[in-house]
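The values are calculated or read from the model by the stated rules, or taken from the named source; none is laboratory data. Please read these numbers as outputs of a predicted model, since none were measured by experiment. We place every Cβ from the backbone using ideal geometry, glycine too, and count neighbours over all the protein chains shown. Note: accessible area is taken over every heavy atom of the protein model, side chains too, but ligands, DNA and RNA are not part of it. Shrake-Rupley method; radii C 1.70, N 1.55, O 1.52, S 1.80 Å.
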Amino acid sequence: MIAIIDYDAGNLRSVEKALLALGEKAVVSRDRETILRADKVILPGVGSFGDAMGRLVQYELVEVIHQVVEQGTPFLGICLGMQLMFLQSEESEGIRGLGIFPGRILRIPALPGVKIPHMGWNSLVIRSDSRLFQGITSGDYVYFVHSYYLKAEDEGIVAASTEYSTHIHAAVEKGNVFGCQFHPEKSGETGLRILQNFISL
């Protein structure tokens, strides 16, 4: 069973539909025991860093997420869900993130001809030994919607990157923890393959 953490995130149902399309049972929940019993856990996310952390605190989900990670359950953060795995964001100065990995979330630099938010398809450069991207090659396209991007402190956790105004760490993985800045649930066959890889861990 895959638990999708329910903290009122905007892309929650689209993630659920993608998993159902892959034949997986997905449970949308903020219940502690349901999440801790799950075989896999997904933290979706659309919106602002500060508001999202406020809801995770409100629903008493911060400690639950740390327990999921510590007990070795495969955990995937999507879009804002990935950003929340880090300590801080320029979007919400003074708000502490989950701090699972070291790194900062920065605003995409404004350049002439570059639209922010970044909305659209970008190709990935993929680390060859990535488990999340098995069967996917560098140059494949995925769908992004974001104004802020990850700069991981430890580049060893970066599983994929892309270029949009700057060099963007587009996916991370270490141990049982994974994250995608893009939306696999909106990225066609490539995105479904990424989700299938996560399911198959």
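Could you tell me whether segment 111-118 includes any residue that is within 22 Å of residue 191 (Cβ to Cβ), in a strand (DSSP E or B) and open to solvent by less than 70 Å² (accessible area, probe 1.4 Å)?
Yes, segment 111-118 contains at least one residue that is within 22 Å of residue 191 (Cβ to Cβ), in a strand (DSSP E or B) and open to solvent by less than 70 Å² (accessible area, probe 1.4 Å).
Scan segment 29-47 for residues that are closer than 17 Å to residue 183 by Cβ and among the hydrophobic types (A, V, I, L, M, F, W, C) and jot them down. Don't jump to the end; show me each part of the working.
Applying the first criterion (closer than 17 Å to residue 183 by Cβ) to segment 29-47 yields 42-47.
Within segment 29-47, 42, 43, 46 qualify.
Taking segment 119-161 as the search range and keeping residues that are in a loop (DSSP other than H, G, I, E, B) and of a type in the set (Ser, Thr, Tyr), which one is most open to solvent (accessible area, probe 1.4 Å)? I'd like the intermediate steps shown before the answer.
Our first condition is that a residue be in a loop (DSSP other than H, G, I, E, B); within segment 119-161, this holds for 124, 127-140, 147, 153-154.
Next, from what is left, pick out any that are of a type in the set (Ser, Thr, Tyr): 128, 130, 137-138, 147.
On the way: 128: 114, 130: 1, 137: 85, 138: 69, 147: 29 Å².
Applying the filter and picking the extreme gives 128.
Is at least one residue of segment 50-57 farther than 19 Å from residue 186 by Cβ and either in contact with a strand residue (DSSP E or B) (Cβ under 7 Å, 6 or more places away or on another chain) or of a type in the set (D, E, K, R) (or both)? Spell out how you get there, then give the answer.
Of all residues in segment 50-57, those farther than 19 Å from residue 186 by Cβ come to 50-51, 53-57.
This time we only want the ones that are either in contact with a strand residue (DSSP E or B) (Cβ under 7 Å, 6 or more places away or on another chain) or of a type in the set (D, E, K, R) (or both), so: 51, 55.
Scanning segment 50-57, I find at least one residue that is farther than 19 Å from residue 186 by Cβ and either in contact with a strand residue (DSSP E or B) (Cβ under 7 Å, 6 or more places away or on another chain) or of a type in the set (D, E, K, R) (or both), so the answer is yes.
So which pairs qualify, if the first residue must be in segment 31-48 and surrounded by 21 or more Cβ atoms within 10 Å (Cβ to Cβ) and charged (D, E, K, R), the second must be in a helix (DSSP H, G or I) and modelled with pLDDT of 95 or more, the Cβ gap must be under 7 Å, and the two must be at least 6 apart or on different chains?
Taking only residues 6 or more apart or on different chains, the pairs are 40/198; 40/199.
Given the criteria within 22 Å of residue 189 (Cβ to Cβ), out of contact with any helix residue (DSSP H, G or I) (no Cβ under 8 Å at 6 or more places or on another chain) and open to solvent by 10 Å² or more (accessible area, probe 1.4 Å), does residue 93 qualify?
Details: within 22 Å of residue 189 (Cβ to Cβ): no; out of contact with any helix residue (DSSP H, G or I) (no Cβ under 8 Å at 6 or more places or on another chain): yes; open to solvent by 10 Å² or more (accessible area, probe 1.4 Å): yes.
For residue 93, the condition - within 22 Å of residue 189 (Cβ to Cβ), out of contact with any helix residue (DSSP H, G or I) (no Cβ under 8 Å at 6 or more places or on another chain) and open to solvent by 10 Å² or more (accessible area, probe 1.4 Å) - is not met.
Return the pair list, or none, for Cβ contacts closer than 7 Å from residues in segment 133-160 that are under 11 Å from residue 123 (Cα atoms) to residues that are part of a loop (DSSP other than H, G, I, E, B) and open to solvent by 10 Å² or more (accessible area, probe 1.4 Å), at least 6 apart or on different chains.
Partner pairs satisfying both residue conditions: 160/127.
So which of 173, 153, 189 ends up being touching a Ser or Thr at 6+ places or on another chain (Cβ under 7 Å) and among the charged types (D, E, K, R)? Give the steps one after another, and end with the answer.
Details: 153 fails: touching a Ser or Thr at 6+ places or on another chain (Cβ under 7 Å); 189 fails: touching a Ser or Thr at 6+ places or on another chain (Cβ under 7 Å).
Result: 173 is the single residue among 173, 153, 189 that is touching a Ser or Thr at 6+ places or on another chain (Cβ under 7 Å) and among the charged types (D, E, K, R).
Regarding residue 83, is this residue among the polar types (S, T, N, Q) and free of Cβ contacts under 8 Å to residues at least 40 places away in the same chain?
On the way: among the polar types (S, T, N, Q): yes; free of Cβ contacts under 8 Å to residues at least 40 places away in the same chain: no.
It is false that residue 83 is among the polar types (S, T, N, Q) and free of Cβ contacts under 8 Å to residues at least 40 places away in the same chain.
Please enumerate the residues belonging to segment 95-110 that are assigned to a loop (DSSP other than H, G, I, E, B) and closer than 18 Å to residue 164 by Cα. If you could, list the steps in order and put the result at the bottom.
The first filter runs over segment 95-110 and keeps only residues assigned to a loop (DSSP other than H, G, I, E, B), leaving 95-102, 108-110.
108, 109, 110, listed by residue number.
Looking at segment 173-201 only, could you name the residues that are part of a strand (DSSP E or B) and surrounded by fewer than 18 Cβ atoms within 10 Å (Cβ to Cβ)?
174
Considering only strands (runs of 3 or more DSSP E) fully contained in segment 1-94, which possess at least 1 residues that are over 13 Å from the mean Cα position of the chain (by Cα) and charged (D, E, K, R)?
On the way: elements: 2-5, 26-29, 40-43, 75-78.
Where strands (runs of 3 or more DSSP E) fall fully within segment 1-94 and carry at least 1 residues being over 13 Å from the mean Cα position of the chain (by Cα) and charged (D, E, K, R), they are 40-43.
Mind telling me which of the residues 8, 31, 39 ends up being at pLDDT 95 or above, of a type in the set (Asp, Glu) and out of contact with any strand residue (DSSP E or B) (no Cβ under 7 Å at 6 or more places or on another chain)? Spell out the reasoning first.
Numbers: 8 fails: at pLDDT 95 or above; 39 fails: out of contact with any strand residue (DSSP E or B) (no Cβ under 7 Å at 6 or more places or on another chain).
Result: 31 is the single residue among 8, 31, 39 that is at pLDDT 95 or above, of a type in the set (Asp, Glu) and out of contact with any strand residue (DSSP E or B) (no Cβ under 7 Å at 6 or more places or on another chain).
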